[in-house]
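Every number in this text was worked out from the coordinates using simple rules, so none of it is lab data. The model shown is predicted, which means the values in this text are computed figures rather than measured ones. All Cβ positions, glycine included, derive from the backbone under ideal geometry; neighbour counts span all protein chains shown.
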Amino acid sequence: MIFETHAHYDDKAFDHDREDLLNLLPKEGIEYVVNVSASLDTVDNTIALVDKYPYIYGTVGIHPSDTGALNEENFLWLKEKAKHPKIVAIGEIGLDYYWDEPEREIQKPWFERQIELAKELGLPLVIHSRDAANDTYQILKNSKADEVGAIIHCFSYGVEQARQYLNMGCYLGIGGVVTFTNGKKLKEVVEYAPLDRLVLETDSPYLSPVPHRGKRNTSLNLPLIAKEISRIKKIDYETVVSVTHENARKFYFREGLSK
Ligand code: NI
């Protein structure tokens, strides 16, 4: 059974068939889904999903591109939301230097504040980092984020950065990009990284794997990602599925907990 570690099923791309699709997932071998928040609106939508579906868990956090909306008042609100028993991580949080807005001096302190929140609540981190490898690494290191652990979602850097993040105890989230013909850098990372540090994700509705590239993504495409990891690492498909499942359970459910 597959563990989907990162999806956005509250997205409007699922408005016309969300219920049918989500009901189908367990029948198609997707055992757990973590629905990831990214903005203030998506926090409540995520909580509605985790309350409705027993196999869906969630995260609470504000994506770097949305940190301009944060203030002391809604940060306290966020903290209360994160105490929900099916909220299993703080995320997706981090740095995004691909976009100029909000400026880095807004992104950074809210990234740090959300790491502190995670540590206070004893929750691990789901990290979004784009064109910001060094600053993300430094902030995680200075904040002692390894005390709670982190998934670097949609890992997009090279082997050298992967080595740094792996040494800090992070997991790497591997999604559809690994199947792209121009995904050579990620294929190298997957070859390099130990299987017990990888987790499967789609980032649905984005980043559909080949041959569905450009179309809406769903967790039903996870086998395509697991197959590509299997091919690159020369490890059988079933092992890729079971080890990544175990990794995700350890990370999100904190080994030994039954929730
Ligand atoms: Ni995402």
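Listed from fewest to most Cβ neighbours within 10 Å, the set 155, 251 follows the order 251, 155. When its C-alpha radius of gyration is set against 2.2 N^0.38 Å (N residues), region 1-63 gives a value of 1.04.
Length gained on full extension, residue 253 to residue 163, computed as 0.36 nm times the residue gap minus the Cα-Cα distance: 29.9 nm.
For region 45-93, the orientation-averaged shadow of the C-alpha convex hull comes to 3.4 nm² (one quarter of the hull surface). Between residue 44 and residue 144, the modelled labels are 3.7 nm apart [label points 7 Å from Cα along Cα→Cβ]. Can you give the helix-only mean residue ellipticity at 222 nm for the chain, where every DSSP H stretch with n ≥ 4 adds -39500 (n - 2.57) and the sum goes over all residues, rounded to the nearest 500 deg cm²/dmol? After summing the helix terms and dividing by the residues of the chain, the value is -12500 deg cm²/dmol.
When only Cα pairs below 8 angstrom with a gap of at least 6 residues are kept, region 113-253 shows a relative contact order of 19 percent. Can you compute the FRET efficiency between residue 112 and residue 246 using 1/(1 + (r/R0)^6), with r the Cβ-Cβ distance and R0 = 35 Å? Round to the nearest 0.05. Calculated transfer efficiency: 0.70.
Using a Förster distance of 30 Å, how high is the FRET efficiency between residue 238 and residue 99, based on the Cβ-Cβ distance and rounded to 0.05? The value I calculate is 0.15.
In this simple spin-label approximation, residue 52 and residue 231 carry label points 7 Å from Cα along the Cα→Cβ vector, and these lie 3.6 nm apart. Across the chain, the relative contact order, built from alpha-carbon pairs under 8 Å that are at least six residues apart, equals 18 percent. Taking every alpha-carbon pair within region 73-144, the share separated by more than 22 Å comes to 21 percent.
Beyond a 30 Å Cα-Cα separation, which of these cross-linked pairs lie in this structure: 81/250; 141/234; 86/233; 27/144; 12/83; 81/108?
Long pairs (Cα-Cα over 30 Å): 141/234; 86/233; 27/144.
Taking amide H atoms as placed 1.01 Å from N in the peptide plane, the amide H of residue 150 lies under 5 Å from those of 125, 171, each 5 or more residues away in sequence or on another chain.
So what's the projected area for region 2-253, the Cα convex hull averaged over all directions, in nm²? Don't jump to the answer; show the numbers that get you there.
Working: hull surface 48.6 nm².
The orientation-averaged projected area of the Cα hull of region 2-253 comes to 12.1 nm².
Couplings 3J(HN,Hα) of region 127-139, computed from phi: 9, 9, 9, 10, 6, 8, 4, 6, 5, 4, 4, 4, 5 Hz, in residue order, whole Hz [Karplus 6.51 cos²θ - 1.76 cosθ + 1.60, θ = phi - 60°; x for Gly and Pro].
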